[in-house]
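Let me begin by presenting the structure, written as C-alpha coordinates, before commenting on it.
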Amino acid sequence: YLLNECDHLHIALPSIKRPQRLPVIFSKEEVRRLLKAPKQLRDRLVLGIIYDCGLRVSEAASLLIEDVNLDRQQLFIRQSKNKRDRYVPFSSHIARGVRNYLKIEGPRKFLFECDYRYKGVPLDHSRIRRIMKEAMQTAGIQKQACVHSLRHSYATHQLEAGQGIY
(Lines give C-alpha, C1' and ligand atoms only; values in the text may rest on other atoms or scores of the structure.)
Protein backbone atom coordinates (compact mmCIF):
# COMPACT_ATOMS: atom_id res chain seq x y z
CA TYR A 1 0.00 0.00 0.00
CA LEU A 2 1.17 3.47 -0.83
CA LEU A 3 0.06 6.65 0.87
CA ASN A 4 0.64 9.99 -0.76
CA GLU A 5 0.76 13.41 0.90
CA CYS A 6 -3.07 13.69 0.82
CA ASP A 7 -3.44 10.41 2.70
CA HIS A 8 -5.22 8.70 -0.19
CA LEU A 9 -4.74 5.00 -0.45
CA HIS A 10 -3.29 3.78 -3.75
CA ILE A 11 -3.05 0.11 -4.49
CA ALA A 12 -0.62 -1.03 -7.15
CA LEU A 13 -2.04 -3.98 -9.06
CA PRO A 14 0.06 -6.12 -11.36
CA SER A 15 -1.01 -6.22 -14.97
CA ILE A 16 -2.67 -9.47 -15.91
CA LYS A 17 -1.48 -10.82 -19.23
CA ARG A 18 -3.42 -13.56 -20.88
CA PRO A 19 -1.43 -16.04 -22.88
CA GLN A 20 -1.75 -15.37 -26.58
CA ARG A 21 -2.61 -18.44 -28.57
CA LEU A 22 -2.38 -18.69 -32.32
CA PRO A 23 -5.72 -19.20 -34.07
CA VAL A 24 -6.69 -22.58 -35.45
CA ILE A 25 -6.35 -22.65 -39.25
CA PHE A 26 -8.04 -25.28 -41.42
CA SER A 27 -6.28 -26.62 -44.49
CA LYS A 28 -8.09 -26.11 -47.81
CA GLU A 29 -8.98 -29.80 -47.84
CA GLU A 30 -10.43 -29.58 -44.32
CA VAL A 31 -12.50 -26.57 -45.40
CA ARG A 32 -13.84 -28.56 -48.39
CA ARG A 33 -14.84 -31.47 -46.14
CA LEU A 34 -16.32 -29.13 -43.56
CA LEU A 35 -18.47 -27.26 -46.09
CA LYS A 36 -19.79 -30.51 -47.61
CA ALA A 37 -20.68 -32.04 -44.23
CA PRO A 38 -24.02 -30.37 -43.33
CA LYS A 39 -27.11 -32.01 -44.83
CA GLN A 40 -29.26 -28.89 -45.03
CA LEU A 41 -28.58 -26.36 -47.79
CA ARG A 42 -28.97 -23.47 -45.33
CA ASP A 43 -26.33 -24.94 -43.02
CA ARG A 44 -23.84 -25.53 -45.86
CA LEU A 45 -24.45 -22.02 -47.17
CA VAL A 46 -24.04 -20.23 -43.84
CA LEU A 47 -20.65 -21.91 -43.26
CA GLY A 48 -19.70 -21.34 -46.90
CA ILE A 49 -20.47 -17.62 -46.74
CA ILE A 50 -18.62 -17.22 -43.46
CA TYR A 51 -15.52 -18.80 -45.02
CA ASP A 52 -15.82 -17.33 -48.54
CA CYS A 53 -16.39 -13.78 -47.26
CA GLY A 54 -14.39 -13.94 -44.02
CA LEU A 55 -17.41 -13.00 -41.92
CA ARG A 56 -17.96 -12.98 -38.19
CA VAL A 57 -20.83 -15.08 -36.79
CA SER A 58 -22.83 -11.97 -35.94
CA GLU A 59 -22.39 -10.62 -39.48
CA ALA A 60 -23.67 -13.83 -41.07
CA ALA A 61 -26.62 -14.08 -38.67
CA SER A 62 -27.77 -10.51 -39.32
CA LEU A 63 -27.52 -10.59 -43.14
CA LEU A 64 -30.70 -9.33 -44.75
CA ILE A 65 -31.85 -10.64 -48.13
CA GLU A 66 -31.52 -7.09 -49.47
CA ASP A 67 -27.83 -7.11 -48.44
CA VAL A 68 -27.07 -9.75 -51.09
CA ASN A 69 -26.28 -8.41 -54.56
CA LEU A 70 -26.15 -11.46 -56.83
CA ASP A 71 -25.40 -9.43 -59.97
CA ARG A 72 -22.29 -7.83 -58.46
CA GLN A 73 -21.54 -10.89 -56.29
CA GLN A 74 -21.13 -8.95 -53.09
CA LEU A 75 -22.62 -8.65 -49.63
CA PHE A 76 -23.34 -5.43 -47.79
CA ILE A 77 -22.27 -5.82 -44.17
CA ARG A 78 -24.10 -3.34 -41.94
CA GLN A 79 -22.72 -1.76 -38.80
CA SER A 80 -20.22 -4.47 -38.00
CA LYS A 81 -17.38 -4.15 -35.54
CA ASN A 82 -16.54 -0.49 -34.86
CA LYS A 83 -19.95 0.40 -36.36
CA ARG A 84 -18.62 0.36 -39.92
CA ASP A 85 -20.41 -0.68 -43.09
CA ARG A 86 -18.52 -2.53 -45.81
CA TYR A 87 -18.96 -4.50 -49.02
CA VAL A 88 -17.54 -8.00 -49.32
CA PRO A 89 -17.22 -9.97 -52.59
CA PHE A 90 -18.20 -13.63 -52.86
CA SER A 91 -17.50 -16.37 -55.38
CA SER A 92 -19.72 -17.55 -58.23
CA HIS A 93 -20.05 -20.86 -56.35
CA ILE A 94 -21.66 -19.01 -53.42
CA ALA A 95 -23.85 -17.03 -55.84
CA ARG A 96 -25.25 -20.30 -57.26
CA GLY A 97 -25.84 -21.60 -53.74
CA VAL A 98 -27.66 -18.42 -52.70
CA ARG A 99 -29.89 -18.52 -55.82
CA ASN A 100 -30.85 -22.16 -55.10
CA TYR A 101 -31.36 -21.43 -51.42
CA LEU A 102 -33.64 -18.45 -52.10
CA LYS A 103 -35.77 -20.55 -54.48
CA ILE A 104 -36.01 -23.55 -52.16
CA GLU A 105 -36.13 -22.02 -48.68
CA GLY A 106 -37.74 -18.65 -49.47
CA PRO A 107 -36.65 -16.67 -46.41
CA ARG A 108 -38.69 -13.51 -45.75
CA LYS A 109 -36.33 -10.95 -44.24
CA PHE A 110 -33.01 -12.41 -43.13
CA LEU A 111 -30.87 -14.51 -45.44
CA PHE A 112 -30.54 -17.18 -42.76
CA GLU A 113 -33.70 -17.70 -40.76
CA CYS A 114 -34.48 -20.22 -38.02
CA ASP A 115 -36.72 -22.53 -40.04
CA TYR A 116 -40.02 -22.64 -41.84
CA ARG A 117 -42.02 -22.12 -38.62
CA TYR A 118 -40.14 -18.94 -37.71
CA LYS A 119 -39.96 -16.99 -40.96
CA GLY A 120 -38.45 -13.55 -40.38
CA VAL A 121 -36.43 -14.62 -37.31
CA PRO A 122 -32.64 -14.65 -37.85
CA LEU A 123 -30.60 -17.77 -37.22
CA ASP A 124 -29.23 -17.64 -33.68
CA HIS A 125 -25.46 -17.43 -33.07
CA SER A 126 -25.58 -20.56 -30.94
CA ARG A 127 -27.27 -22.46 -33.78
CA ILE A 128 -24.49 -21.43 -36.18
CA ARG A 129 -21.93 -22.65 -33.64
CA ARG A 130 -23.79 -25.96 -33.36
CA ILE A 131 -23.88 -26.30 -37.17
CA MET A 132 -20.10 -25.84 -37.16
CA LYS A 133 -19.57 -28.37 -34.37
CA GLU A 134 -21.73 -30.98 -36.11
CA ALA A 135 -19.99 -30.34 -39.46
CA MET A 136 -16.59 -30.83 -37.83
CA GLN A 137 -17.73 -34.15 -36.35
CA THR A 138 -19.17 -35.32 -39.67
CA ALA A 139 -16.01 -34.24 -41.54
CA GLY A 140 -13.82 -36.03 -38.99
CA ILE A 141 -11.91 -32.88 -38.00
CA GLN A 142 -10.43 -33.19 -34.52
CA LYS A 143 -9.05 -29.65 -34.09
CA GLN A 144 -10.15 -27.42 -31.21
CA ALA A 145 -11.77 -24.88 -33.51
CA CYS A 146 -14.82 -22.64 -33.64
CA VAL A 147 -16.77 -20.76 -36.32
CA HIS A 148 -14.30 -17.87 -36.12
CA SER A 149 -11.61 -20.32 -37.28
CA LEU A 150 -13.24 -20.14 -40.72
CA ARG A 151 -12.55 -16.38 -40.74
CA HIS A 152 -8.92 -16.98 -39.76
CA SER A 153 -8.62 -19.69 -42.42
CA TYR A 154 -10.08 -17.36 -45.06
CA ALA A 155 -7.51 -14.67 -44.24
CA THR A 156 -4.63 -17.15 -44.19
CA HIS A 157 -5.64 -18.74 -47.49
CA GLN A 158 -5.96 -15.28 -49.09
CA LEU A 159 -2.47 -14.33 -47.93
CA GLU A 160 -1.03 -17.67 -49.07
CA ALA A 161 -2.51 -17.05 -52.52
CA GLY A 162 -0.78 -13.66 -52.66
CA GLN A 163 -3.99 -11.68 -52.26
CA GLY A 164 -4.52 -8.87 -49.81
CA ILE A 165 -7.09 -8.89 -47.08
CA TYR A 166 -9.19 -5.79 -46.71
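The values are calculated or read from the model by the stated rules, or taken from the named source; none is laboratory data. A quick note: this is a predicted structure, and the numbers were derived from the prediction, not measured. Ideal geometry is used to build each Cβ from the backbone, glycine not excepted, and the neighbour counts take in all protein chains shown. These area figures cover heavy atoms from the full protein model, side chains too; ligands, DNA and RNA do not enter into them. Shrake-Rupley method; radii C 1.70, N 1.55, O 1.52, S 1.80 Å.
Applying the condition of being free of Cβ contacts under 8 Å to residues at least 60 places away in the same chain and open to solvent by less than 70 Å² (accessible area, probe 1.4 Å) to the stretch 121-141 and asking which residue is farthest from ILE50 (Cα to Cα) yields VAL121.
Just one of the listed residues (SER149, SER92) is within 18 Å of TYR51 (Cα to Cα), hydroxyl-bearing (Ser, Thr, Tyr) and open to solvent by 60 Å² or more (accessible area, probe 1.4 Å), and it is SER92. When restricted to residues that are at pLDDT 85 or above and either more than 30 Å from CYS53 (Cα to Cα) or surrounded by fewer than 10 Cβ atoms within 10 Å (Cβ to Cβ) (or both), the stretch 1-27 contains 2. Scanning the stretch 109-120 for residues that are modelled with pLDDT under 90, open to solvent by 30 Å² or more (accessible area, probe 1.4 Å) and in a loop (DSSP other than H, G, I, E, B) returns CYS114, ASP115, LYS119.
Filter the stretch 53-71 for residues that are assigned to a helix (DSSP H, G or I) and free of Cβ contacts under 8 Å to residues at least 40 places away in the same chain; which is surrounded by the most Cβ atoms within 10 Å (Cβ to Cβ)? It would help to see each step written out before you state the result.
From the stretch 53-71, those assigned to a helix (DSSP H, G or I) are 53, 57-61, 65-67; that's our starting set.
After this cut, where a residue has to be free of Cβ contacts under 8 Å to residues at least 40 places away in the same chain as well, the list is 59, 66.
Numbers: GLU59: 22, GLU66: 9.
Per the stated criteria, the residue is GLU59.
Consider the stretch 31-52 and keep the residues that are part of a loop (DSSP other than H, G, I, E, B) and out of contact with any helix residue (DSSP H, G or I) (no Cβ under 8 Å at 6 or more places or on another chain). The one that is nearest to ASP115 (Cα to Cα) is GLN40. Within the stretch 142-166, residues that are over 17 Å from PRO89 (Cβ atoms) have Cβ atoms under 7 Å from residues that are of a type in the set (A, V, I, L, M) and open to solvent by 60 Å² or more (accessible area, probe 1.4 Å) in no pair, counting only partners at least 6 apart in sequence or on another chain.
Within the stretch 72-82, can one find any residue that is exposed (fewer than 14 other Cβ atoms within 10 Å of the Cβ) and either outside any loop (DSSP other than H, G, I, E, B) or among the hydrophobic types (A, V, I, L, M, F, W, C) (or both)? Walk me through it before giving the result.
Filtering the stretch 72-82 for residues exposed (fewer than 14 other Cβ atoms within 10 Å of the Cβ) gives 72, 79, 81-82.
Filter again for either outside any loop (DSSP other than H, G, I, E, B) or among the hydrophobic types (A, V, I, L, M, F, W, C) (or both), leaving 81-82.
So far as the stretch 72-82 goes, yes, one or more of its residues are exposed (fewer than 14 other Cβ atoms within 10 Å of the Cβ) and either outside any loop (DSSP other than H, G, I, E, B) or among the hydrophobic types (A, V, I, L, M, F, W, C) (or both).
Filter the stretch 95-108 for residues that are out of contact with any strand residue (DSSP E or B) (no Cβ under 8 Å at 6 or more places or on another chain) and open to solvent by less than 40 Å² (accessible area, probe 1.4 Å) and give the result. The answer is ALA95, GLY97, TYR101, GLY106. In summary, VAL88 fulfils each of the numbered conditions (1) in a helix (DSSP H, G or I); (2) in contact (Cβ under 8 Å) with a residue 12 or more places away in the chain with the single exception of condition (1).
Tell me whether the stretch 147-161 contains one or more residues that are outside any helix (DSSP H, G or I) and modelled with pLDDT of 95 or more. Yes: one or more hits.
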